[in-house]
Amino acid sequence: MAVMEDMGARAPVQLIDMVFPGDTNHHGTLFGGVALAHMDKVAFLAASRHGRAPFVTAASEKIDFAAPARAGDMVEVTGRVVRVGTSSLDVEVELVAEAPVSGERRLCTRGRFTLVAGKGPGARTPLPPLVPDLEPQPDDTLRLAEMVFPGQTNHYGTLYGGDALKMMGKAAFIAATRRARAVMVMAASDRIDFVSPIGEGEMVELVAQVRMTGRSSVRVAVELWAEALLTGARRHAATALFTMVSVDAEGCATPIGAA
């Protein structure tokens, strides 16, 4: 089992999700409450990575929605710590909608969340001081953060394999879509190896890389890493290789870029 020390305390935390019809109102745009839930989750993960303490959300500033996210869009939610006090910190969160095929991006909203480290055995105060963000990585590796909640675990308290595959498949879809800018569907999951369980309450980071782009297909390798929020200890949990194919309106394979 591969175990790594804290690697992400200074890096922004990013979540990318799809806007499905069940997340939209009668206008076909993302519910404001769903958007706020995404933003609060990212704020919590960013705070936890920085302070390694049991955080709770204390407040948020006024949040104005400048543009809608529509059904079928991807929403990219990015959080970074911008202020640190003795036992509280502020996280600035930005939500951007992206049209999968055209790549058009629009800022939907931005807000600041204040989180407070709870008292108890896991509390570590004063919180570490604010440090500059890490420089953006030069490659096109996709990194997504998620959280394991009780409803996603089995009777052993670990993440269901099916939910892990769902996360990894979504990461493969996003990476392939951004590479091809086409309508992509999963054609095959070539190999999946589970090497470590992921417990309830842990953070998962998905790392997706495009390994090959063909005439109508994209092969994407996805790694899943588990991270303990209070210690920052990381371990490799799973690896998968997916083949994604570009399709036309009839669902038939079509050359990438043909549209």
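FYI, it's all coordinate maths here, none of it is from the lab. Bear in mind the structure is a predicted one, so any value in this text is a computation, not a measurement. Virtual Cβ from ideal backbone geometry, glycine too; neighbours counted across all protein chains shown.
Tabulated data for the structure shown
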item: Tally of Lys pairs whose C-alpha atoms are under 22 Å apart, taken over the chain, 8 or more apart or cross-chain; result: 4
item: Mean Cα-pair separation over length for the chain, i.e. relative contact order, pairs under 8 Å, 6 or more apart, %; result: 19 percent
item: Span per principal axis, largest first, for the Cα atoms of region 142-246 (Å); result: 44, 25, 20
item: Percentage relative contact order, region 142-246, counting C-alpha pairs under 8 Å, at least six apart; result: 33 percent
item: Helix 161-180 vs. the chain, principal-axis angle (Cα, 0 to 90°, nearest 10); result: 60 degrees
item: Pairwise FRET efficiency - His155 versus Arg105, Cβ, R0 = 30 Å, nearest 0.05; result: 0.10
item: Dipole magnitude of the chain, debye to nearest 20 (Cβ charges: Lys/Arg +1, Asp/Glu -1, about Cα centre); result: 220 debye
item: Farthest toward positive dipole pole in region 142-246 [+1 Lys/Arg, -1 Asp/Glu at C-beta], among Ser196, Val245, Met186; result: Val245
item: GNM result for the chain, Cα springs below 10 Å: residue of Asp73, Asp193, Asp90 fluctuating most strongly; result: Asp193
item: Net dipole in debye of region 142-246 [+1 Lys, Arg Cβ; -1 Asp, Glu Cβ; about Cα centre; nearest 20]; result: 640 debye
item: Relative packing of peptides 50-59, 247-256, 23-32 - highest average C-beta neighbours within 10 Å first; result: 50-59, 23-32, 247-256
item: Rh by Kirkwood over Cα pairs, then Stokes-Einstein D for region 11-117 at 1.567 mPa s and 4 °C, µm²/s; result: 92 µm²/s
item: Simple Cβ-charge dipole of region 53-172, Lys/Arg +1 and Asp/Glu -1, about Cα centre, in debye nearest 20; result: 420 debye
item: Length-normalised contact order for region 87-203 - Cα pairs under 8 Å, 6+ apart - percent; result: 27 percent
item: Rounded tilt (10° steps) of 32-51 against the dominant C-alpha axis of the chain; result: 60 degrees
item: Theoretical gain in end-to-end length, Thr86 to Arg124 [0.36 nm per residue, Cα-Cα removed]; result: 12.7 nm
item: Extension reserve of the Ala58-Met212 stretch, reckoned as 0.36 nm per residue once the Cα distance is removed; result: 50.9 nm
item: Amide N of region 153-178 lying under 14 Å from the label point, which is placed 7 angstrom from the Cα of Ala71 along Cα→Cβ; result: none
item: Protection proxy ranking, peptides 99-105, 113-119, 217-223, 64-70, average beta carbon neighbours within 10 Å, highest first; result: 217-223, 113-119, 64-70, 99-105
item: Rg/Rg_ref, the chain, where Rg_ref = 2.2 N^0.38 Å and atoms are Cα; result: 1.03
